[in-house]
Amino acid sequence: MLHVLYRGLTTIAGPAVRLYLDRRRAAGKEDPERQGERLGRPGRERPAGPLVWVHAASVGEANSVLVLIERLLDTAPGLTVLMTTGTVSSANLMARRLPPGALHQYVPVDLPDAVDRFLDHWRPDLALWVESEIWPNLLTAIRRRGIPAALVNARLSARSFARWRRLPGFAASLLSTFRLTLAQTDTDAERLRALGGAEVRCVGNLKFSAAAPAADAAALAALRDAVAGRPLWLMSSTHPGEDELAAAAHAALADRLPGLLTVVAPRHPHRGSAIAGMLASRGLMSARRSTGALPAPTDAVYVADTLGELGVLYRVAPVVCMGGSFVPHGGQNPVEPAQLGCAVLYGPHMWNFAEITRSLEAAGGAVPLAGAEDLPAAVGRLLTDGTARAAVVAGATRVTTENARIVDRAMAALTPLLAPLVAARTGAP
C-alpha cells in the first residue's frame, strides 16, 4: 500500500523534480551535458553480453567497490560493469579510476518513468547496490523484472534503523529485492535481518580491501620538493567549520614548530576561495592548489582544493586528521591514510566508520580526540615524537593488512549470483 502511494506521489512530483534538477545544475551540482541520464535517458549504447549494474551513492561508496569491480571483470571476461552514482564529483573520479570494461552513468532519479527508461535500455543481468541506498521505485522495478540483486557493503545506522522500524512492511518489501545482503558489521547484519532482509551475512567492510589512492608521480615529486624540510600535517576532507579549526591549530603550533605547513583539503573543492579568504582574515598566508600553485616558504597553509589528489597528499603528510569528525557529519574514511603510513587522528563524530575506528583504536592505530580543543596538542605530539607516531602507524598497518582479504569473502558469497554470467561467457552448461 505504501509503495502504491509512493509511486503515485513520485509520478505527480515529476515536474517538481525536474525543476529541482535544473536548480542543482545552475548551482554546479549536476552535469549539464549529462542531465538526461538523471531522467533515465542513456548517455551511450548498451554493450553486448552480460552486464552487472553496480550502484553507489557518491565518492566514498564508489571508491569502496572499485576493488570488487576489478574482481568481477577478472572473473567473467567479456562482462561489462555499469557503475552508477549520483554526484558530479563521483562521476569525475570514476572517469579516472574505473578499469577497462566498466563504464559510468548517473543514476536516474526515483521517478517511475525515469526508472523504466533506465532499465529498458541497460537490461542488467545482476544488480549490486552499495551500503544503504534504498530507492523504492528502483528497487520495486528490479524485483518486478526478476533481476537478481544483492546489497553489498551494507550498513544501517541506528537512526535509519529506527526510522525503518516504523514502516516494517514497507522495509521488508524493499529489502526482499535483494537475494543476498553482505553487511559491514554484525550490528548492521542484525538490524537488516530485523527489518526482513534475506540471506544476510557479515563479511566486513570493503573499504579495507580498497587499493590505496593513487598518486601522479610528477605531482608527488613537485610537492615533496616544495615542502622539503618543513613539519607538515593535513586536515583531510574538511567540512564547513573545520577549516577554522585547522587554522587555529596552526596558530597554536607555529611558534613551537618553525616552518610549520598546514594543508587543508576541503571535501568540496569549490570552497577553496572561501577558505583562502578566511585564512587571510586571520593573517595566515596561503596558496591554492587549484591555481596550480605549490606552497611557498612564506605560506603557512596550503589549500588543496582539487579532486582526486588525496593520494599525493597522504604520501607527503606524516600526520593526517580526518574531516567530517568535528562536525556532526559522521567522519571521512580513515583507511586510506592508514594504508599509506600516516598517523591518523579524528574528532568525536566518526559514526559512519564506527567499526573501522574501533578496530584501529584497539590496535593503537589511530588517535581519537574528544573535541577540537585537543587538536593542537595531538598534532604537535605526533609531529615531534617519532616514536609515538611510529606506534600509531604500526597499529594501523596491522589492521589494514589483516582485513585486506574482505573482498575475497564478498566474492565467495556472490559466486551463486555470478555463476550464470560466467557460464554465459564461457559456454559452460
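The values are calculated or read from the model by the stated rules, or taken from the named source; none is laboratory data. Predicted model, so just to flag it, every value in this text is computed and none were measured. Note: ideal-geometry Cβ built from the backbone for every residue, glycine included; neighbour counts use all protein chains shown.
Taken over segment 1-21, the criterion of being part of a helix (DSSP H, G or I) and surrounded by 13 or more Cβ atoms within 10 Å (Cβ to Cβ) is satisfied by L2, H3, Y6, R7, T10, G14, V17, R18, Y20, L21. Scanning segment 163-197 for residues that are hydrophobic (A, V, I, L, M, F, W, C) and part of a strand (DSSP E or B), we see that the one that is farthest from A141 (Cα to Cα) is A183.
The selection criterion, being without any contact (Cβ under 8 Å) to a residue 24 or more places away in the chain, more than 19 Å from R179 (Cβ to Cβ), of a type in the set (D, E) and assigned by TED's automatic domain parsing to the domain that holds Q35, does not hold for D110.
Filtering segment 298-316 to residues that are under 22 Å from P231 (Cβ atoms), hydrophobic (A, V, I, L, M, F, W, C) and either crowded, with 24+ Cβ neighbours inside 10 Å or under 19 Å from the mean Cα position of the chain (by Cα) (or both) leaves V301, V303, A304, L310, V312, L313.
Contact annotation: residue pairs with Cβ atoms under 9 Å, 6 or more positions apart or on different chains, pairing a residue in segment 17-41 that is at pLDDT below 90 with a partner that is among the β-branched types (V, I, T), are V17/T10; V17/V109; R18/V109; Y20/V109; L21/V109; G28/V88; K29/T87; K29/V88.
Exactly one residue out of A304, A246, A293 is within 28 Å of G28 (Cα to Cα) and free of Cβ contacts under 8 Å to residues at least 24 places away in the same chain: that is A293.
Residues that are outside any helix (DSSP H, G or I) and out of contact with any Gly (no Cβ under 9 Å at 6 or more places or on another chain) were ranked within segment 377-404; the one that is surrounded by the most Cβ atoms within 10 Å (Cβ to Cβ) is A404. Candidates are the residues of segment 146-162 that are outside any strand (DSSP E or B) and more than 19 Å from the chain's Cα centre (by Cα); the one that is surrounded by the most Cβ atoms within 10 Å (Cβ to Cβ) is P148.
For P295, indicate whether it is crowded, with 18+ Cβ neighbours inside 10 Å, modelled with pLDDT of 95 or more, assigned to a loop (DSSP other than H, G, I, E, B) and assigned by TED's automatic domain parsing to the domain that holds L383. It is true that P295 is crowded, with 18+ Cβ neighbours inside 10 Å, modelled with pLDDT of 95 or more, assigned to a loop (DSSP other than H, G, I, E, B) and assigned by TED's automatic domain parsing to the domain that holds L383.
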